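Participant: Before I ask anything, let me first share the structure, which is written out below as structure tokens.
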Amino acid sequence: MSKQIYLVGGAVRDTLLGIEVYDHDWVVVGATAEEMLAEGFEQVGKDFPVFLHPKTKEEYALARTERKAGVGYHGFEIQASETVTLEEDLLRRDLTINAMAQADSGEIVDPYNGQVDLNNRVLRHVSPAFAEDPLRVLRVARFAAKLAPFHFTLHPDTAKLMSDMAASGELQALTPERVWQEVVKALNTNHPSVFFEVLKQVGALAVLFPEIEVLYGVPQSPQHHPEGDVGTHTMMVLDAAAKLSRDIEIRFAALVHDLGKGVTSPEHLPSHPGHESAGLPILQKLCERYRVPKRTQQLAEKVTLWHGLIHKGLNSQGEPGIEADDYLKVLQGCQAFKGTAMLEKVLLACEADSKGRLGFEEAPYPQTDFWLAMAKAANQVDNQAIIAQGFKGAEISVAIESKRRALINAFLQERSP
């Protein structure tokens, strides 16, 4: 068999959909690893038949088959040789829309009717072997989010297969790093809520993110949350954050800011007193479980803890709504006296929280300008002048805090009618 090279996977799919293609993956049929190395390709790993092009650094993989031989997504026996056909290689892929190849001539090789499913906007598994890799449950949910503008739906057979996989316990075999990697990719889409909604649809949200699953069905004040329960609100907030910022940290903070509402005592419902502090340990356990980067966790903690007070900074009449000490606590908690970068991120997540409500999607959020102006006013402290007054040791920080409180009070008096 003579060597043939095909463009495969997402590049073919996205080209047919008219989406800009950033990455090109290639499959090589009829070649050996020795031939690839002789042509100057660099092998990725010792045992995996994937090579980097000597100039473009794009990935070229030898056509291969995979056979389940153990637990989880690690348990595969890979066979790569010059006798593996293109059709056999495409058969091991997850979805029909990802199992197409394009020859140099431009001809589309589509043995599993990916173009039909592409036109019908259907996400359908290629073969029963889909069930052998639990990571595919997350990948399909992520593809649904990526392709949300095209309104793809799960084929019923694929949804059933994913539900069976979620119920089987196989998802527990996924490493924290792989789950978080898929979450990051989903958060990078324009409609990240779709990722979590698909996981919920197939029962995987309860397995992987029970903290989010329990938010569905939890009531909120109809006056402030006409959209309904906390789960619905959370997904609206996540998509609002995606519109406001490309920053993954802000989007993640938006996703997890209300976890405390999932543990509110029934007698308090539909109110959620103290949900901010109640959400903190829940968030911390989730971040520990998936080894979320510290910076990402820290922003999420600040949004979780302070979003309630930030919303109250100005009341509905546009007047100061909380006490000077509370303003100072928020500014200190959001590191506003070390620069406003952290506070600005927190405020973006809070704006998403405000806009993630039915009927409030385009409503202004005056809190942002108010809090930033207050931070600027409260930061006009001359530390050297305080030291010059004779304060020493711990007295210095007390004097600085007192001065900041005085500056906040002065700022509030200017804002009061």
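Participant: Quick check: net charge around Gln367, other residues with Cβ under 11 Å of its Cβ, Lys/Arg +1 and Asp/Glu -1?
Facilitator: Net charge in that neighbourhood comes out at -2.
Participant: Rule-of-thumb check for the chain: C-alpha Rg over 2.2 N^0.38 Å?
Facilitator: Cα Rg divided by the expected 2.2 N^0.38 Å: 1.21.
Participant: In square nanometres and to one decimal, what's the mean projected area of the convex hull around the Cα atoms of region 193-265?
Facilitator: Hull-based average projected area comes out at 5.0 nm².
Participant: Something else about it: Distance in nm between label sites at Val44 and Gln201, each 7 Å beyond Cα in the beta-carbon direction?
Facilitator: Computed distance between label sites Val44 and Gln201 equals 2.9 nm.
Participant: If amide hydrogens are placed 1.01 Å from N in the peptide plane, which non-local residues have theirs closer than 5 Å to the one on Val109?
Facilitator: Placed amide hydrogens put Ala101, Gln102, Ala103 under 5 Å from Val109.
Participant: Determine ³J(HN,Hα), in whole Hz, for all residues of region 270-285 in sequence, where each value follows from phi through the Karplus function 6.51 cos²θ - 1.76 cosθ + 1.60 and θ = phi - 60°; x replaces Gly and Pro.
Facilitator: x, 7, 9, x, x, 5, 5, 5, 5, x, 4, x, 5, 4, 5, 5
Participant: In deg cm²/dmol, rounded to 500, what helix-only [θ] at 222 nm does the chain give when every DSSP H run of at least 4 residues adds -39500 (n - 2.57) and the total is split over its residues? Write out the running numbers ahead of the final one.
Facilitator: On the way: 19 runs with 203 residues, N = 417.
After summing the helix terms and dividing by residue count, I get -14500 deg cm²/dmol.
Participant: Could you give each residue of region 78-91 its phi-based ³J(HN,Hα) in whole Hz, using Karplus coefficients 6.51, -1.76, 1.60 with θ = phi - 60°, and x for Gly or Pro?
Facilitator: Rounded to whole hertz, the list is 9, 10, 10, 7, 5, 8, 6, 7, 4, 4, 5, 5, 5, 5.
Participant: For region 218-340, how big is the tail of P(r) above 18 Å, as a whole percent of Cα pairs?
Facilitator: So the portion of pairs separated by more than 18 Å is 58 percent.
Participant: Placing unit charges on C-beta atoms (Lys and Arg positive, Asp and Glu negative, everything else neutral), compute the dipole magnitude of region 290-349 about its Cα centre in debye, rounded to 20.
Facilitator: 480 debye
Participant: Sorted from fewest to most neighbouring beta carbons within 10 Å, what does the list His224, His272 look like?
Facilitator: His224, His272
Participant: Report, ordered by chain and residue number, the aspartates and glutamates lying within cross-link reach of Lys200, taken as a straight Cα distance under 14 Å and ignoring same-chain residues fewer than 8 apart.
Facilitator: Leaving aside aspartates and glutamates fewer than 8 places away in the same chain, those within reach of Lys200 are Asp164, Glu211, Glu213.
Participant: Please list the equivalent ellipsoid semi-axes of region 1-120, computed as the square roots of five times the alpha-carbon gyration tensor eigenvalues, in descending order and whole angstrom. Each step should come with its number before you reach the end.
Facilitator: Working: eigenvalues 104, 68, 37 Å².
After diagonalising the Cα gyration tensor, the semi-axes are 23, 18, 14 Å.
Participant: Right, next: Can you give the FRET efficiency for Arg405 and Lys243, using 1/(1 + (r/R0)^6), R0 = 35 Å, r = Cβ-Cβ distance, to the nearest 0.05? Before the final figure, lay out the partial values.
Facilitator: Working: r = 36 Å, r/R0 = 1.04.
For Arg405 and Lys243, the calculated efficiency is 0.45.
Participant: Work from the charge dipole of region 274-314 (Cβ charges, +1 for Lys and Arg, -1 for Asp and Glu, about the Cα centre) and give the residue of Leu299, Gly279, Gly313 farthest towards its positive end.
Facilitator: Farthest along the dipole direction, towards plus: Leu299.
Participant: Can you put Arg415, Arg357 in order of Cβ neighbours within 10 angstrom, beginning with the fewest?
Facilitator: On the way: Arg415 13, Arg357 20.
Ascending number of Cβ neighbours within 10 Å: Arg415, Arg357.
Participant: Lysines within cross-link reach of Lys57: Cα-Cα under 18 Å, excluding same-chain residues under 8 positions apart?
Facilitator: Lys46
Participant: Right, another one. List the GluC sites (Glu not before Pro) in region 336-417 that DSSP assigns to loop (not H, G, I, E or B) and whose Cβ has at most 15 other Cβ atoms within 10 Å. Which are they?
Facilitator: Working: sites: Glu344, Glu351, Glu361, Glu362, Glu395, Glu401, Glu414; in loops: Glu361, Glu362.
When the GluC sites (Glu not before Pro) of region 336-417 are filtered for loop state and at most 15 Cβ neighbours within 10 Å, Glu361, Glu362 remain.
Participant: So what's the projected area for region 341-417, the Cα convex hull averaged over all directions, in nm²?
Facilitator: Dividing the Cα hull surface by four gives the mean projection, 6.9 nm².
Participant: Return the distance in nm (one decimal) between the two label points of a simple spin-label model at Ala394 and Ala377, each offset 7 Å from Cα along Cα→Cβ.
Facilitator: 3.1 nm
Participant: Could you run the Debye sum over the Cα atoms of region 209-415, one equal point scatterer each and no solvent, and tell me log10 of I(q)/I(0) at q = 0.09, 0.11, 0.17 Å⁻¹, two decimals?
Facilitator: Debye curve over Cα of region 209-415, log10 I(q)/I(0) at q = 0.09, 0.11, 0.17 Å⁻¹: -0.37, -0.55, -1.15.
Participant: In nanometres, what is the gap between the two model label sites at Ala103 and Phe150, each 7 Å from Cα along Cα-to-Cβ?
Facilitator: My value for the distance between the label points is 2.3 nm.
Taken together, the values in this text are just the output of simple stated rules run on the coordinates, not laboratory data. Everything numeric in this text was worked out from a predicted model, so none of it was measured. Methodologically, a virtual Cβ is constructed for each residue, glycine included, from the backbone with ideal geometry; neighbour enumeration extends over all protein chains shown.
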